[in-house]
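Written out below as structure tokens is the structure these notes cover.
The values are calculated or read from the model by the stated rules, or taken from the named source; none is laboratory data. For clarity, every value in this text was computed on a predicted model and none was experimentally measured. Cβ: placed from backbone, ideal geometry, glycine included. Neighbour counts: every protein chain shown.
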Amino acid sequence: MSFCLAGKSKASQKVARTQKFRLPKPIGGFTVNFCRNPMCEFFGLPPDREDRRGQRPNKTTNEPRGVVRGKDTERAYTCGSCNRSNVVKPNIAIVQEYSRISSVYRRTKRECCPNEDCEQHKTSVRLMPSAYRKFGKTAKGDPRFQCKSCKKTFSLGHATRRHFRSDLNGKVFRALMNGLTLSSAARVLDVSMVEIYRKIDFIHQQCLEFSADREKDLPKCFEGRTPHFATDTQNLTVNYPNRGVRVLVDVRHMCMVEKDSKFVIASTTDVDPSVSPFDIEQRMREVGDFDKPRSMRYNARVWFASEYLEFINTRYSRSNPVSKKRQKKQKPEFDPNDILLLKKAARVRQDVADYAHTMLVKKKIGNLYRHLNFSVDQDAGVSQSFISLYRNEIREGKIRIADISMSKNLSNDQRRFLVYEGNKYLEEITMQMTLDGFIQGVGDQEDIRDEDTATEYLLNKVYKNRTKQEIIENLCGSSIYHPNVGFSYPFHFINEPNKRVIFRTDPTDMNFAQMAQFIVRAGTHPVDTYHARARVKVMGFERGLLGSGLIEFQSQ
């Protein structure tokens, strides 16, 4: 790695090299900055963060050797063994975002001090009973407690104990889940908007508690099993009308669904409503974060205000190109007062949101499984997050990850024709297996399908006499967009036509039967179904008409 040391003496250059950190510091031993190539001998081994060139050999070596190049967001660590480059990630930002999204799933059940400014806020009565004292009962007989810190009292009991019209809870919930606007729901149910907002807050809290009760048993559900999970992201475009400008704001929604049960393991967005981008930018100036690369900053979790404004301007200029003469006369810029979202919430960085989501998934699934199979919809960042956070399990051969490519713009007639061709080819392969006397191997799945045996036969036919390196090059490759990389599934599904499975972990850790079952079941259709249902059922998630989202600027 090269540092900017021009104009300094040799002694000062030596001191600078020893004090400059090559990579961000681990947070409590946690780091994602290492070689992320599962087929590399240095996979998952963090390199030395300090540059020790020109020094005498000591006990602390610089293995595995690598180089950090680039500036700011392009700063990347290149492994010295496989020569793969990996963008340097801010460890502290990932930990901060994981702490935020995981706090949503903590089960407090209103058993804590309701004063948000109190130090006992979010400290449960069950976890720390010494922080509270009993304070009698309410008129209805519910137990009352008092916080010893702020002297605030609160009662425990049924969630609807203070509701005058508890029958509205289910009605408002059904109205929201069937596409009614808030004003329409208020008119139909004959209630005020204030009551609608109160019911929404209550429903939100009840949904979180319900999901927490269900998810606490997830590790037991996967005990000794080999489940398949589908992961995908969707950009939800929200229109914010401002002063003569209609700004399109994207909210990135990431979700994971279990393939057999269709259970949603985790669903997160990249919006943090608790912070302000303007406050973050002021804090960055105070601590000097602007003088550091993004991976070395303390405040690297969210977009700060001026950077987000520049991002919106850049996206507008790319989607609405103008001539050079017009571009010189007119320089469209946003007024910070026009971006209403920045006053209320901040968007989390995409890579930080991906890693935090994967950490939440890993926590929920537990470690009682036999093997885990992950399918990702052609998103290299999401695949890298799974590879980084499951590095120990990947080395043990317990995790399998693949990127899925398919044709998404085909008509129903074209899909049915591909399914017909696939079924016809399956019959031919079945007859050929009978003639060859093919014996099926032992896989992981209990339900054996005809496609499993046929795919295993094709894998044996193509890769039986290939070396390990040749199999890796054919099924993994270096780019998911290369037409010859991965396994093209010939027995088409109507929901996933022309499916291609690109392995991101070592496929040679499996036998051909396990590999065939993984290829047949790999796919993102369960999570695509979830996103489609959310767009139909939830108002504001639906996709707009083409051409309706153009941004127009007034000349200044």
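Within the stretch 264-296, if we keep just the residues that are out of contact with any helix residue (DSSP H, G or I) (no Cβ under 7 Å at 6 or more places or on another chain) and β-branched (Val, Ile, Thr), the residue that is farthest from Lys364 (Cα to Cα) turns out to be Val287.
Taking the criterion of being surrounded by fewer than 16 Cβ atoms within 10 Å (Cβ to Cβ), outside any helix (DSSP H, G or I) and among the hydrophobic types (A, V, I, L, M, F, W, C), the only residue of the stretch 165-223 that qualifies is Met177. Just one residue in the set Ile448, Ile429, Ile439 is assigned to a helix (DSSP H, G or I) and either under 25 Å from Asp377 (Cβ atoms) or out of contact with any Ser or Thr (no Cβ under 7 Å at 6 or more places or on another chain) (or both); that residue is Ile429. For Arg500, state whether it is in contact (Cβ under 8 Å) with a residue 12 or more places away in the chain, outside the structural domain of Cys40 (by TED's automatic domain parsing) and buried (at least 19 other Cβ atoms within 10 Å of the Cβ). Spelling it out, Arg500 is indeed in contact (Cβ under 8 Å) with a residue 12 or more places away in the chain, outside the structural domain of Cys40 (by TED's automatic domain parsing) and buried (at least 19 other Cβ atoms within 10 Å of the Cβ). Evaluating Gly366 against the criteria (1) small (Gly, Ala, Ser); (2) out of contact with any Leu (no Cβ under 7 Å at 6 or more places or on another chain); (3) closer than 27 Å to Thr269 by Cβ leaves one unmet condition, (2). Criterion applied to Pro47, Pro64, Pro26 was being more than 19 Å from Lys292 (Cα to Cα) and modelled with pLDDT of 65 or more, and the one residue passing it is Pro47. Among the residues of the stretch 268-292, the ones that are outside any helix (DSSP H, G or I) and either under 23 Å from Tyr355 (Cα atoms) or among the aliphatic types (A, V, I, L, M) (or both) come to 10 in all.
For Thr508, state whether it is surrounded by 15 or more Cβ atoms within 10 Å (Cβ to Cβ) and over 23 Å from Arg416 (Cβ atoms). Here the answer is yes, as Thr508 does meet what is asked. Given the conditions (1) touching a Ser or Thr at 6+ places or on another chain (Cβ under 6 Å); (2) surrounded by 14 or more Cβ atoms within 10 Å (Cβ to Cβ), report the number of the one that Asn460 does not fulfil. In the conditions (1) touching a Ser or Thr at 6+ places or on another chain (Cβ under 6 Å); (2) surrounded by 14 or more Cβ atoms within 10 Å (Cβ to Cβ), Asn460 misses (1) alone. Among the residues of the stretch 438-476, just one is touching a residue at least 40 places away in the same chain (Cβ under 8 Å) and touching a strand residue (DSSP E or B) at 6+ places or on another chain (Cβ under 7 Å), namely Cys476. Just one of the listed residues (Thr467, Thr529, Thr524, Thr455) is at pLDDT 90 or above, at negative phi and loosely packed, with under 13 Cβ neighbours inside 10 Å, namely Thr467.
Summed over the stretch 129-168, the residues that are modelled with pLDDT of 80 or more, among the aliphatic types (A, V, I, L, M) and out of contact with any Ser or Thr (no Cβ under 9 Å at 6 or more places or on another chain) give a count of 1.
In the stretch 138-147, the residue that is farthest from the chain's Cα centre (by Cα) out of those that are of a type outside the set (Asp, Glu) and surrounded by 13 or more Cβ atoms within 10 Å (Cβ to Cβ) is Thr138.
Condition check for Arg174 on (1) charged (D, E, K, R); (2) more than 37 Å from the chain's Cα centre (by Cα); (3) at pLDDT 85 or above: one failure, at (2).
Can you find a residue that is aliphatic (A, V, I, L, M) and surrounded by 20 or more Cβ atoms within 10 Å (Cβ to Cβ) anywhere in the stretch 289-296? No, there is no match, as no residue in the stretch 289-296 is aliphatic (A, V, I, L, M) and surrounded by 20 or more Cβ atoms within 10 Å (Cβ to Cβ).
Run Arg318 past the list (1) assigned to a helix (DSSP H, G or I); (2) at pLDDT 90 or above and report the number of the one that doesn't hold. So Arg318 meets the others, but not (2).
With respect to the conditions (1) farther than 20 Å from Ala345 by Cα; (2) crowded, with 20+ Cβ neighbours inside 10 Å, Pro277 lacks only one, and its number is (1).
A count restricted to the stretch 374-415 and to residues that are surrounded by fewer than 23 Cβ atoms within 10 Å (Cβ to Cβ) and assigned to a strand (DSSP E or B) stands at 1.
Per the listing Thr455, Thr434, the residue uniquely in a helix (DSSP H, G or I) and farther than 17 Å from Met515 by Cβ is Thr434.
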